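The values are calculated or read from the model by the stated rules, or taken from the named source; none is laboratory data. The model shown is predicted, which means the values in this text are computed figures rather than measured ones. When we count neighbours, we look across all protein chains shown, and the Cβ atoms used for this are built from the backbone with ideal geometry, even at glycine. To get the accessible areas, we keep the full protein, side chains included, count just its heavy atoms, and leave off ligands, DNA and RNA. Shrake-Rupley method; radii C 1.70, N 1.55, O 1.52, S 1.80 Å.
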Amino acid sequence: MSYNKAPSITAETINPKVKIFSYEPCGEIARHAERLEQELEENPGSLPFQEITYCNLGNPQALGQKPITFFREVLSLCDNPTLLDRDETPTLFSTCAIKRARTIIESIPSRNSGGYTSSRGVKNLRQAVADGISARDGFPSDPDDIFLTDGASSAVHLMMQLLIRSHEDGILCPLPEYPLYSASIILHGGTMVYQDNVYVENKRFNSFKKVARSLGYDENDLSIVSFHSVSMGYYGESGRRGGYMEISGFGADVKKQIYKVASLTICPNIAGQILITLVMDPPKLGDESFESFEAEKEKIRTSFWKRAETLEKAFKSMEGISCNKIEGAMYFFPRLHLPSRAVKAAKAEGVSPDIFYAHRLLDSTGIAVVPGSGFHQVAGTSHIRCAILPDEEKIEAMIPRLKAFHEAFMNEFRR
């Protein structure tokens with residue numbers, strides 16, 4: 001008897017859609033950075049830098065941002081509810097956190113954070129999110145329209161599964177886009193059409209639903225899905241995978257199908273459910289934790305703007321780099337204006353100029369950024385995406401390396 005020793009599953013036999021899309025924030029640059037990091041561990045001093053500076057992902061707490069105390073206190077008590085009845089607990093946790101944790105635990109059917117919940121999430125937690133949306137927008141939100149999710153990514157995938165029927169279904173995306181959207185569209189068999197981002201000064205956040213309702217459009221006029229997560233912003237709880245989506249303007253028959261798709265994963269993780277609730281319903285004026293909560297949040301926000309200004313000033317001082325003033329989020333997206341010889345060198349290596357630049361930067365300085373081509377930048381342009389590190393000292397230490405590399409790079413290819 002003979003056996004076929006060739007593997008039955010190969011790159012040629014897997015779903016071809018998986019091979020088409022790319023996800024550069026965790027792509028080749030990130031993998032190469034990990035290889036260099038291992039090289040530094042095994043052979044200290046073997047590279048022209050001492051550590052890898054990961055600017056490829058917005059991962060605040062992994063890079064030094066401290067978590068919000070109130071959030072962690074509530075999570076700790078929810079995961080260890082026996083603490084709620086101990087005499088020493090009031091000396092270790094704020095009364096506000098104890099009260100909130102007790103309310104949350106009592107709202108979970110099993111009274112335990114380790115059990116399954118509804119596929120949409122715990123009802124009372126969905127109510128808290130709906131109340132938070134209503135307070136933010138000034139228009140009502142129905143908890144039955146809320147699906148708590150494992151971050152915004154899983155919600156985006158769910159809606160792509162629901163909406164895309166064939167390659168003839170197009171999804172409108174802004175440019176540059178976050179590759180989650182293009183990857184999801186490709187994976188689920190849709191087609192991506194494009195729209196340029198518009199840069200506007202002095203803007204503030206207004207939800208699409210708020211704008212639509214303000215203009216007089218109701219649920220009978222528009223179907224809207226809104227996403228939010230705890231990964232970025234002052235909370236920065238990326239690893240907790242907490243989020244929600246709010247659906248409005250969908251009939252009961254469609255909601256039933258959304259619930260069915262959501263049920264495939266049984267339920268979202270409970271820590272994420274709790275955290276998104278705390279984000280949407282934080283301590284209020286008069287609560288014991290209000291002042292400390294606001295102080296921690298403001299400290300993070302102030303630090304963020306300081307770091308953003310430092311990076312913006314550094315990038316704008318470099319020859320051949322331009323960038324808009326940052327308005328929010330965790331990233332810069334500076335544009336590279338590279339010498340023609342650099343563009344030709346990149347072409348000779350079979351890569352785009354931004355990938356060529358990003359690899360050179362990583363190999364020379366240990367700074368990992370993401371090539372703009374992974375975000376569907378405008379054709380004929382080159383960008384890099386750089387996360388704003390939470391550690392101000394790391395930014396200050398990184399800038400001289402960045403400037404020295406860039407000057408040497410420009411000089412090398414200008415000759």
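Observations
- GLY366 sits among other residues whose Cβ lies under 11 Å from its own Cβ, and their net charge, with Lys and Arg +1 and Asp and Glu -1, is -3.
- Most mobile listed residue (TYR217, TYR235, TYR116) in the chain, GNM with C-alpha springs under 10 Å: TYR217
- LYS306-PHE208 FRET efficiency (beta carbon distance; Förster radius 35 Å; 0.05 resolution): 0.70
- Theoretical ellipticity at 222 nm over the chain - DSSP helices of four or more residues, -39500 (n - 2.57) apiece, nearest 500: -14000 deg cm²/dmol
- Accessible-area rank, largest first, for THR277, THR265: THR265, THR277, with all protein chains present and a 1.4 angstrom probe.
- Once all protein chains are placed together, VAL343 keeps about 60 Å² accessible to a 1.4 angstrom probe.
- Global form of the chain, assessed from the alpha-carbon gyration tensor, a/c cut-off 1.5: prolate
- Above-threshold pairs, the threshold being 30 Å between Cα atoms, out of LYS209/LYS313; LYS344/LYS403; LYS299/LYS403; LYS316/LYS394; LYS256/LYS284; LYS17/LYS403: LYS209/LYS313; LYS256/LYS284; LYS17/LYS403
- Segment ALA348..THR13, full-extension length gain: 117.5 nm, with 0.36 nm per residue of separation and the alpha-carbon distance subtracted.
- Each Cα pair under 8 Å and six or more residues apart adds its separation to the average, and for the chain the resulting relative contact order is 22 percent.
- Theoretical FRET efficiency, 1/(1+(r/R0)^6), r = Cβ-Cβ of GLU106 and ASN324, R0 45 Å, to 0.05: 0.40
- For the chain, accessible area per residue (1.4 Å probe, heavy atoms of protein chains only), Å²: 53
- Computed label-point distance, nm, for sites GLU298 and ASP131 using a 7 Å Cα→Cβ extension: 2.5
- LYS99/LYS255 FRET efficiency (R0 30 Å; Cβ-Cβ; nearest 0.05): 0.35
- Exposure ranking of ILE171, ILE185 by accessible area [1.4 Å probe, largest first]: ILE171, ILE185
- Fraction of accessible area attributable to carbon and sulfur, the chain (%, probe 1.4 Å): 53
- THR310, THR69, THR89, reordered so the largest accessible area comes first (probe 1.4 Å): THR69, THR310, THR89
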